[in-house]
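This report concerns only the one structure given below.
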Amino acid sequence: MNRIRSVSRAGSTGPGLLLLFVLATAVGLTAQQPRFARGQNIQPVFEGWKRHADGTIAMYFGYLNRNYEQVTDIPIGPENNIEPGGDRGQPTHFLTRRQKFVLTVNVPANWDKERRVIWTVTANGRTDKAQGWLQPEWEVDDGVIQMNIGPGGAPPTNPPNTAPKLTLGASTASVTQPETLTLKATAIDDGIPKPRTPRPGQPPPAAASTGVWVRWIHYRGAGTVAFAPAASPRVQDGPSDATTRVTFNQPGTYVLRAVASDGLLETSSDVTVTVK
């Protein structure tokens, strides 16, 4: 079984803590490796675990779709299964390349430290698994998550960064083809990280490099979904209003995800859409 995982420690904002590192050999991404448009496997990834204030535990998962073009739909079942539970809200629409922290599996506070949460994915004839359990070295905090999602380096600590707050216009919707569905989301943030001050004599950047924005993702459903636009502009001060027009190529039930990001921390919320 081939596993990939970003290795990190909790308490990342403390002094003298070793920064996260990636097992590049396990991921298998080297300059010499050919790029495959399709036909490759999808490797689920255990990102780490975190204990909530009430004692319950969050186990975080992502995945690596090794294809550069092939987006794959894998329905819930033997080929897309989480033990225990079967359906724990995992995606069925797999985007290309590395997708981090896409799934949170919550387990009770008394969860046995050796018991596994196992995500199995079969794609293009190959089955891969990610196993998560409460190994101390795999505990993460907001600092570790920021270093994994962001560009690396120590996250802001004074004041610390907090995740954006996301509000959806609705959690369910329906549309009849060929009509277009309009979805709305609003994100507000604490303004951290702050924009970098240009060096003396250098012009300011042409586009904002910090701020909060919202992107829309096709998370579940076997059809083709098009967003216009797929993401909102970055907003440093004030709310980011993300309105998108969505079209579908076939009837069915879909889950569309809005992701609010400040570049380091993210908040997501889902809309279930029935297309008639």
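The values are calculated or read from the model by the stated rules, or taken from the named source; none is laboratory data. Here the structure is a predicted model, which means the values were calculated and not measured. Cβ sites come from the backbone with ideal geometry, for glycine too, and all protein chains shown count toward neighbours. Note: accessible area is taken over every heavy atom of the protein model, side chains too, but ligands, DNA and RNA are not part of it. Shrake-Rupley method; radii C 1.70, N 1.55, O 1.52, S 1.80 Å.
Electrostatic bookkeeping for Ile217 treats Lys and Arg as +1 and Asp and Glu as -1; over the other residues with beta carbon under 15 Å from its beta carbon, the sum is +3. For every other residue with a beta carbon closer than 15 angstrom to the beta carbon of Pro193, add +1 if it is Lys or Arg and -1 if Asp or Glu, then tell me the sum. Net charge around Pro193: -3. Counted by Cβ distance under 12 Å from Arg35, the other residues give a net charge of +2, where Lys and Arg count +1 and Asp and Glu count -1.
Treating only the Cβ atoms of Lys and Arg (+1) and Asp and Glu (-1) as charged, compute the dipole magnitude of the stretch 146-226 about its Cα centre; round to the nearest 20 debye.
180
Provide the FRET efficiency to the nearest 0.05 for the Asp54-Arg245 pair, computing r from the beta carbons and using R0 = 35 Å. E between Asp54 and Arg245, to the nearest 0.05, is 0.35. One chain, two ends: Ala37 and Ser171. Fully extended at 0.36 nm per residue, the span grows by 44.8 nm beyond their Cα-Cα distance.
The order of Thr272, Thr120 by accessible area, most exposed first and with a 1.4 Å probe, is Thr272, Thr120. Length gained on full extension, Ala230 to Gln202, computed as 0.36 nm times the residue gap minus the Cα-Cα distance: 6.9 nm. Only protein heavy atoms count here; on that basis, with a 1.4 Å probe, Thr127 has an accessible area of about 80 Å². Accessible area of Ile188 (1.4 Å probe, protein heavy atoms only, ligands and nucleic acids ignored): about 80 Å².
Between Lys276 and Gln131, the modelled labels are 4.8 nm apart [label points 7 Å from Cα along Cα→Cβ]. Tyr68 contributes about 90 Å² of solvent-accessible surface, heavy atoms of the protein only, 1.4 Å probe. Dipole magnitude for the chain: computed about the Cα centre from +1 point charges on Lys and Arg Cβ and -1 point charges on Asp and Glu Cβ, it is near 600 debye.
With all protein chains in place and ligands, DNA and RNA left out, the 1.4 Å accessible area ranks Lys100, Lys184 as Lys184, Lys100, largest first.
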